[in-house]
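The values are calculated or read from the model by the stated rules, or taken from the named source; none is laboratory data. Source: prediction; values computed, not measured. Backbone-built Cβ (ideal geometry, glycine too); neighbour counts: all protein chains shown. Calculation scope for accessible area: heavy atoms of the full protein, side chains included, ligands and nucleic acids excluded. Shrake-Rupley method; radii C 1.70, N 1.55, O 1.52, S 1.80 Å.
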Amino acid sequence: MTTDTVLDVVAGFLLISGSLLALVAGLGIVRFPDLLSRMHAATKPQVLGLMLLMLGLGIELRSVTAGITLLLVVAFQLVTGPISAHMLSRAGYRTGKVDHSLLVVDELTEDLERAEKLDELDRLELEREKDAARADEGREARGTSPADG
């Protein structure tokens, strides 16, 4: 066997493996019952499948410029795929699209409750500052100082 034949077989194996992982990702999106499971299926096997496809394509093309381009595609997918899935999952959670009975651990509820409490404290602090500023303006308009009380 020549080197070209071996590389063609390896590239074919990688292309078929990547295609199967992309197929599994698509089936997971259709078959899984809830949003979070579907988001998991949309990112994990899909990203790995794309990496295998790009690696197989790079081996098949045997070009440095094509390899660099394919590497950029993989890097972009590695950066954007998980982040977008995370943000979509959080948005789905906040809008009530997540079935809480299926969650084993739910740390986001605690975080959201803590954030709401902090928002409320910040709002109250801003109201106190505004009230104090209004009181100071009222004193200045009457010509009295805070010490005069």
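Can you find a residue that is open to solvent by 90 Å² or more (accessible area, probe 1.4 Å) and either in contact with a Cys (Cβ under 9 Å, 6 or more places away or on another chain) or in contact (Cβ under 8 Å) with a residue 60 or more places away in the chain (or both) anywhere in region 39-53?
For region 39-53, residues open to solvent by 90 Å² or more (accessible area, probe 1.4 Å) and either in contact with a Cys (Cβ under 9 Å, 6 or more places away or on another chain) or in contact (Cβ under 8 Å) with a residue 60 or more places away in the chain (or both): absent.
Just one of (1) part of a helix (DSSP H, G or I); (2) under 30 Å from Val98 (Cβ atoms) trips up Pro33, so point out which.
The number of the failed condition is (1).
Need pairs with beta-carbon distance below 7 Å; first residue farther than 13 Å from Gly49 by Cβ and within region 9-23, second among the basic types (Lys, Arg) and part of a helix (DSSP H, G or I); sequence gap 6+ or separate chains.
Nothing qualifies.
Restricting attention to region 62-76, which residues are of a type in the set (Ser, Thr, Tyr) and open to solvent by 70 Å² or more (accessible area, probe 1.4 Å)?
Correct list: Thr65, Thr69.
For the condition open to solvent by less than 80 Å² (accessible area, probe 1.4 Å), at positive phi and either out of contact with any Cys (no Cβ under 7 Å at 6 or more places or on another chain) or of a type in the set (Ser, Thr, Tyr) (or both), what is the one hit in Gly96, Gly12?
That would be Gly96, the only listed residue that is open to solvent by less than 80 Å² (accessible area, probe 1.4 Å), at positive phi and either out of contact with any Cys (no Cβ under 7 Å at 6 or more places or on another chain) or of a type in the set (Ser, Thr, Tyr) (or both).
For Ala132, work out the one condition from (1) modelled with pLDDT of 85 or more; (2) in contact with a Ser or Thr (Cβ under 8 Å, 6 or more places away or on another chain) it doesn't fulfil.
Looking at each condition in turn, Ala132 falls short on (2).
Which residue pairs have Cβ atoms closer than 8 Å, lie 6 or more positions apart in sequence or on different chains, and pair a first residue in region 104-123 that is acidic (Asp, Glu) with a second residue that is assigned to a helix (DSSP H, G or I)?
Filtered contacts from region 104-123: Asp106/His100.
Every residue in region 77-93 that is open to solvent by less than 80 Å² (accessible area, probe 1.4 Å) and either more than 26 Å from Ala22 (Cα to Cα) or β-branched (Val, Ile, Thr) (or both), please.
Within region 77-93, just Thr80 meets the criteria.
Does region 99-107 include one or more residues that are open to solvent by less than 70 Å² (accessible area, probe 1.4 Å), part of a loop (DSSP other than H, G, I, E, B) and of a type in the set (A, V, I, L, M, F, W, C)?
Checking region 99-107: at least one residue is open to solvent by less than 70 Å² (accessible area, probe 1.4 Å), part of a loop (DSSP other than H, G, I, E, B) and of a type in the set (A, V, I, L, M, F, W, C).
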